[in-house]
Every structure is written in C-alpha cells, then in structure tokens.
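Note sheet for the following structure.
The values are calculated or read from the model by the stated rules, or taken from the named source; none is laboratory data. This one's a predicted model, so the numbers in the text were calculated from it and none came from an experiment. Cβ: placed from backbone, ideal geometry, glycine included. Neighbour counts: every protein chain shown. The protein model used for the area step is the full one, side chains on, heavy atoms only, and it has no ligands, DNA or RNA in it. Shrake-Rupley method; radii C 1.70, N 1.55, O 1.52, S 1.80 Å.
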Amino acid sequence: MTVRHPSTARSNIAVASPTMAFIGAVVLTLTLSIVLASFRAGGAGSPSPVTPPVASPTVDPTSEPTATPTPSPSPTATPTPSPTPSPTATPTPQPTVAPTPVPTPLPTPRPSVAPAPPPVTGGPPVCEYLDVLTKHVGYGEWAISLLDTIFHLPSGYAPGDLVDSGAAGVNGGYLLRSIVIADLAALAADARANGTPIKLVSGYRSYAQQQATFDYWVSVGGYKQALRTSARAGHSEHQLGTVIDVTSDGGAAPWEYADWATTPAGAWMAANAWRYGFVMSYPRGAYDQSCYDYEPWHYRYVGRDLAAHIAGSGRVPRLVLWELQ
C-alpha cells in the first residue's frame, strides 16, 4: 500500500532549510569567536570581554587616494666660518750694540777772579720800535735795566727814594734817586774846581711826563724825527731816576749848541764823567748801536765800577748792558 505525504509539510521543510543554515553559520561564527577570544585571554593571563566583530568600512573604488604631502625639510643654518687669524710675524731680534764709553769730562776749575763779560757776538738786535718789558725791572737793578727802542719799563715804575737835585750841590728843581746824590755832588764840585761848572736841565721823568715830552718833539719835527731824538713813554732812561741832562752853568740848553761836547763844560764831562759813575748813553756816530741820535748832555749813572768797565771797553753802553741781561 502506498503512503502519500501531505504537500504542506514538504513546503515547510523547504522554507526552514535556509533559515537553519543561516542560524548555524551564526552559531559557528560565535563559537569560533569565543574560542579565539578564550585563546587570546589565556595568553594574556585574564579573560577579556568578547567584542562583537565590527564591519570594515566599504572602500569606494572610484575615489582616488589623497596624497599625503611630503614635509619639506627645514633649512639648516649653515654656520659662518670664523676668519682664520693671520699669523703674527715675529720680528727678527737685532743685535745689541754696546755703546762706546764716553769719558767723563773733568770739571773746569772756576777762576778766583770773575772774568769780564763775554765779547759781543753779533750785538743786540737792530733798532726796532717794539714794546717788550725789560728783564730787570726791580728798583735794585737800576744799573743793568736795559731800555732802548725795544725794551721798556712798566708804566707804574716810580722809585720811592727820589730826592731833589739840590741835595747834590747843583741847581734844584729836579728829582733824582738818593743813590745818585753822593757821586753827583763829587762830580759837580770837581767841575766847579776846574772852572767848568755844570747845571741840570732834566732829571727823573714819570711815564706820563715822558709821554708829554715825546709828543712835544713830534709837534716840533714830526713823528719820524722824534723817534731819533726822544724816547717813547716807558722806553726812556729818565724813568729810572738815575739820569741827568746837563749843560754849562749860565749857558743855554745843551741841544741849542751845535755840539755841546765842544764847550769847556761839555768837554770836561765827556772826559771825566765815568770817574764818578756816569756814562754818555748816546755817543757820536753810534746811532746804529744806541738807536738814538747823538746827545752829549745825556748821562746815566750806573755806578763807578760798571762805568769804568764801559769806558774801558770803548763801546756804547747799550752793547755792554745787553751782555748783562
């Protein structure tokens, strides 16, 4: 006898077959995952929770991969090389030359007697008109104070020992330093005894008085001529208080004569004044050395010793005084 199965049952079996297959696959997958996780956990020493598989993102085959830019290397600073120092040349040592020994000169023994002043070497400067303060301006240096067209005294130079000329036995009215009086008295007395008496026409002049005197001679003969016959203020020996202008007693002013030195009194003074310490400052024919015209009446007191030295040298007083500066 033939048994027939109903068609409905066959259809259910056919439907159940795919479902069962899917469930089996899932079970199998889970089982493998659990086994694999257990294996890993055993290796690490502690079980880890099972992480369900995560589906990998699907890669779009049409999209092109994005190129990762290659980083450019940062420029490395190149160190600046230090300049190589130039070698310093070592100087070649020069041989030391031993100096030639120089013998020590023996000192020259000083003479017991002071020598005479040295001879003139070229003489003083030419007669220029300058204003240089003379080196010896002390009142005690009256004998060697150099006064000419170059050198002068201070405007305030005024000796404090001025006395009237009458103290020397000559006419009064003129001031002279007291150091002059004794020798002037002796000179005047001997001149009278010789029959050739003298009288004074000038003595000390201050700076202001000399300025007035010079201006007068400028008015008489002009500036250029006045420079030859009169001193500018400060340059006059009269400011020293040791100079006299003399003439014949009872006669005219000495410059009124053609040459007062040719008169009896003038001739006696020219020959003998040095014996009393007086010298003629501006002798005849000596303009280039004395810087002034001839004045046979102008006598400067320098003391008897220096006056004897000047007279013995035969030179103009200015030359001798120049050597003493």
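Among 292-299, 218-225, how do they line up by average Cβ neighbours within 10 Å per residue, starting with the highest?
292-299, 218-225
In sequence order, what are the phi-derived ³J(HN,Hα) couplings for the stretch 196-211 according to the Karplus relation 6.51 cos²θ - 1.76 cosθ + 1.60 with θ = phi - 60°, rounded to whole Hz, with x for glycine and proline?
10, x, 10, 9, 8, 10, 6, x, 5, 10, 6, 4, 5, 5, 5, 4
Modelling each spin label as a point 7 Å along the Cα-to-Cβ direction, I'd like the D190/V220 distance in nm, to one decimal.
Those two pseudo-labels are separated by 3.1 nm.
Counting Lys and Arg as +1 and Asp and Glu as -1, what is the net charge of the other residues whose Cβ lies under 14 Å from the Cβ of G250?
0
Cut-off 17 Å, label point 7 angstrom out along Cα-to-Cβ of A271: give me the residues of the stretch 238-264 whose amide nitrogen falls inside.
248, 260-264
Can you tell me the accessible area per residue over the stretch 147-257, all protein chains present, probe 1.4 angstrom, in square angstrom?
Heavy-atom accessible area per residue stands at 40 Å².
Heavy atoms only, probe 1.4 Å: what % of the accessible area of the stretch 210-325 goes to carbon and sulfur, would you let me know?
About 53 percent, which is the carbon plus sulfur part of the accessible surface.
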